[in-house]
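The values are calculated or read from the model by the stated rules, or taken from the named source; none is laboratory data. Since the structure is predicted, the reported quantities are computational estimates derived from the model, not experimental observations. Neighbour counts run over all protein chains shown; Cβ positions are idealised from the backbone, glycine included. In case anyone asks, the SASA skips ligands and DNA or RNA and just uses the protein heavy atoms, side chains included. Shrake-Rupley method; radii C 1.70, N 1.55, O 1.52, S 1.80 Å.
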Amino acid sequence: MANLRDLSNVACIVGVDESDEMGTLPHKSQLSLHVEAVTNAVRDAGLKVSDVDGIFTAGQHSPATIGEALGITARHVDGTTVGGCSFIIMVGHAVAALHHGLCDVAVISHGESGRSQVGVSPRRDTAIPGQFEAPYGFGPAPTMFGLITTRHMHRYGTTLEQWAQVAVSTRKWAALNPKALRREPLTVEDVLKARPVVYPFTVLNICLVTDAGGAVVLTRADRARDTAKKPVYVRGLGEGTEHVSLTQMKDLTFSEATRISGDKAFRMAGVGPTDFQHIMLYDAFTSGPPIMLESLGIAKRGEGVRFFEEGRSTPGGSLPINTNGGGLSYTHTGMYGIFPIIEAARQLRGECGPRQVPNLRTSLVNGMGGMLSAAGTLVLSNEA
Amino acid sequence: MEIDRPLPNPMTPEAKPYWDGLREQKLMLPKCGACGHVFWYPRVACPRCHARSIGWIQSKGRGTLHAFEIGYQSFNKAFKVPTPYVLAMVELAEGPRMLSNLINVEADPRKLTCDMPVEVVFSKLTDEVTLPLFQPAGR
Ligand SMILES: [Zn+2]
């Protein structure tokens with residue numbers, strides 16, 4: 001009889017890193033961003049690129065392309081692409097593959113020229129969006145996530161000022177991260193007065209658009225003891241999908257995919273939704289993290305934004321959230337999901353200097369794909 | 001008249017009764033022949049009971065503004081509707097939700113509220129394509 005808990009703590013994150021540079025990089029191909037991130041993360045683990053035999057990637061490249069660019073003949077590949085959370089979901093896929101011996105060293109790689117668009121081409125079936133969305137002006141993510149947001153405001157009375165607090169809290173963390181792109185102080189007033197893009201969002205409610213890569217290396221727990229840094233145990237993992245087209249989402253104010261992914265991860269880890277001292281959430285929009293907290297059961301419905309408004313999420317607060325500065329202020333390539341994993345691993349190793357969360361044992365990573373359409377959740381710990 | 005928005009592309013075979021209906025100023029919705037579920041968007045199997053017998057009904061064209069946004073810029077070169085404009089998710093009285101624009105209303109968040117009643121307005125773009133737009137009900 002299969003038991004979810006069999007997968008708990010069997011594998012560890014042993015290497016993490018970004019590409020050499022992040023930001024506006026018109027001189028860099030997406031493959032270079034991948035290769036930089038992978039070589040950096042493998043070095044962080046104290047391993048060699050030739051040790052890697054499992055390749056996981058999402059988006060513009062197949063894992064075969066990444067293997068070829070790295071000069072690796074992989075014996076396990078995964079290209080699950082369900083939006084930006086795919087990399088979070090792939091940690092779970094890598095754990096399962098490692099547990100069953102399908103590979104011994106797994107690398108999850110991301111490289112995206114989100115800003116400079118070097119070599120980027122859309123390759124998706126346009127039948128639904130081209131027929132039922134584009135004629136009305138719908139297109140990029142802000143034209144969709146705003147619908148979720150105005151419905152939440154209608155149902156719970158959430159305000160523009162409250163959403164702005166999410167950007168302000170996240171910017172405070174970015175100020176402590178030398179790798180963050182936007183580090184200057186930010187006020188609620190700044191967010192409200194910024195250029196309106198699509199109501200209810202000004203440009204400061206929306207994530208950055210950057211070029212960057214990131215990679216995460218995993219191996220089985222027995223081998224992880226011999227790697228360079230303190231291993232980060234994958235204690236719980238979960239994924240889920242609900243919809244793609246926003247008209248198919250049962251309740252715009254609550255992500256069923258997020259709930260499913262969180263329930264599974266919490267059950268596997270044997271923890272409850274309030275057992276974390278650090279949380280990384282996918283902040284493509286200011287309204288995202290509060291709705292994720294609500295969907296995960298960490299906040300009551302309609303009350304997620306209070307974590308930000310009351311300062312709990314900020315430096316020195318009781319529950320630090322998005323300590324790298326998030327997609328809102330650190331970096332956001334388009335598929336952001338690799339970066340919250342990197343930050344959680346660094347926090348659990350105690351490497352974060354002025355932004356280090358003290359006495360950290362258990363960290364939560366949760367991300368969305370699309371418009372809260374898909375989700376991945378990880379419970380990470382620095383002890384087995 | 002210049003076409004001010006992207007034309008639907010591709011127009012899929014399973015949606016043909018929908019596009020045919022719009023040309024005659026009728027908003028047609030797919031309905032499952034087995035369980036009676038009225039759903040959106042058109043598919044070859046019912047998303048509730050998965051039966052393959054799909055019929056069509058004519059919507060009364062009434063519903064509510066389920067959620068909205070105001071576009072202060074265009075996000076597609078072919079979309080040339082003057083800003084600001086209202087992006088809308090409409091919940092039809094028959095059940096399904098669809099995306100559209102709310103027109104004949106001031107594009108100001110203070111003038112709009114979720115769940116306000118709306119009704120369909122047919123907007124002919126070409127001989128082939130008529131789109132269902134919405135306006136506040138009883139205008
Ligand atoms: Zn049915």
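Tabulated data for the structure shown
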read-out	value
Checking residue B:47 against (1) away from chain A (no Cβ under 14 Å); (2) within 14 Å of the ligand (Cβ to nearest atom), the condition it does not meet	(1)
Test: residue in region A:347-361 that is open to solvent by less than 10 Å² (accessible area, probe 1.4 Å) and of a type in the set (D, E, K, R)	no
Any hit, region A:147-166, residues being more than 14 Å from every other protein chain (Cβ to nearest Cβ), of a type in the set (A, V, I, L, M, F, W, C) and in contact with a Leu (Cβ under 7 Å, 6 or more places away or on another chain)	yes
Restricting region B:1-12 to residues that are open to solvent by less than 80 Å² (accessible area, probe 1.4 Å) and of a type in the set (D, E, K, R), the residue that is farthest from the ligand (Cβ to nearest atom)	B:4
Evaluation of residue B:69 against (1) in contact (Cβ under 8 Å) with a residue 12 or more places away in the chain; (2) more than 10 Å from the ligand (Cβ to nearest atom); (3) open to solvent by 30 Å² or more (accessible area, probe 1.4 Å) (one fails), failing number	(3)
Residue that is nearest to the other protein chains (Cβ to nearest Cβ) [pool: residues in region A:106-146 that are of a type in the set (S, T, N, Q) and over 30 Å from residue A:293 (Cβ atoms)]	A:131
Any strands (runs of 3 or more DSSP E) falling wholly within region A:43-135 and containing at least 1 residues that are touching a residue at least 40 places away in the same chain (Cβ under 8 Å) and open to solvent by 20 Å² or more (accessible area, probe 1.4 Å)	A:105-113
Residues of region B:46-66 that turn out to be open to solvent by 30 Å² or more (accessible area, probe 1.4 Å) and of a type in the set (A, V, I, L, M), as a count	2
Test: residue in region A:274-284 that is under 30 Å from residue A:127 (Cα atoms), at pLDDT 95 or above and not in a loop (DSSP other than H, G, I, E, B)	no
Pair list, Cβ under 8 Å, 6 or more apart: region B:80-100 residue more than 7 Å from chain A (Cβ to nearest Cβ), other residue of a type in the set (Asp, Glu) and open to solvent by 10 Å² or more (accessible area, probe 1.4 Å)	B:80/B:2; B:80/B:4; B:84/B:108
Residue count for region A:206-239, restricted to those that are under 21 Å from residue A:285 (Cβ atoms) and open to solvent by less than 10 Å² (accessible area, probe 1.4 Å)	4
Complete set of residues in region A:271-326 that are of a type in the set (Val, Ile, Thr) and open to solvent by 10 Å² or more (accessible area, probe 1.4 Å)	A:271, A:274, A:298, A:314
Residue list for region B:13-40, restricted to those being assigned to a helix (DSSP H, G or I) and either surrounded by fewer than 18 Cβ atoms within 10 Å (Cβ to Cβ) or of a type in the set (Gly, Ala, Ser) (or both)	B:13, B:14, B:15, B:16, B:17, B:20, B:21, B:23
Residues that are surrounded by fewer than 23 Cβ atoms within 10 Å (Cβ to Cβ) and either closer than 21 Å to residue A:98 by Cα or of a type outside the set (D, E, K, R) (or both), drawn from region A:247-265	A:247, A:248, A:253, A:254, A:260, A:264
Listing of strands (runs of 3 or more DSSP E) fully contained in region B:41-103 that carry 1 or more residues being modelled with pLDDT of 95 or more and within 17 Å of residue A:139 (Cα to Cα)	B:62-71, B:85-92, B:97-102
